[in-house]
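Quick notes on the structure that follows.
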Amino acid sequence: YVTEELIELTHTFEQSTPLATWVINHPLKRMPAVSVVDSAGSLVFGKVKYLSLDTLTIEFNAGFSGFAYLT
């Protein structure tokens, strides 16, 4: 089951507008691992840049919408 502690260790980000660079602000206060899926549910790889402990960007070759899962 999912505990409150586990929820605080993860963050789900939705990019609803297709973009080639996603800017993600998160509450994790660290540099999390990042997994991305497109709107069809396919795994997508991009270049992650950590700007601070609560902000990162992901750069892709083309714009699309989907989800980023931070752990």
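Scanning region 16-44 for residues that are more than 11 Å from Y69 (Cα to Cα) and of a type in the set (S, T, N, Q) turns up S16, T17, T21, N25, S39, S42.
For every residue, the table says whether it meets (1) more than 12 Å from the chain's Cα centre (by Cα); (2) at pLDDT below 95; (3) surrounded by fewer than 11 Cβ atoms within 10 Å (Cβ to Cβ).
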| residue | (1), (2), (3) |
| --- | --- |
| L9 | yes, yes, no |
| Q15 | no, no, no |
| V23 | no, no, no |
| D38 | no, no, no |
| V44 | no, no, no |
| K47 | no, no, yes |
| D54 | no, no, no |
| E59 | no, no, no |
| G63 | yes, no, no |
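For T71, which of the numbered conditions (1) open to solvent by 70 Å² or more (accessible area, probe 1.4 Å); (2) free of Cβ contacts under 8 Å to residues at least 24 places away in the same chain fails to hold? Of (1) open to solvent by 70 Å² or more (accessible area, probe 1.4 Å); (2) free of Cβ contacts under 8 Å to residues at least 24 places away in the same chain, only one is false for T71: (2).
The values are calculated or read from the model by the stated rules, or taken from the named source; none is laboratory data. Note that this is a predicted model, so its numbers are computed, not measured. Please note: Cβ atoms are built from the backbone with ideal geometry, for glycine as well, and neighbour counts cover all protein chains shown. Accessible surface is based on the protein model in full, side chains and every heavy atom, while ligands, DNA and RNA are left aside. Shrake-Rupley method; radii C 1.70, N 1.55, O 1.52, S 1.80 Å.
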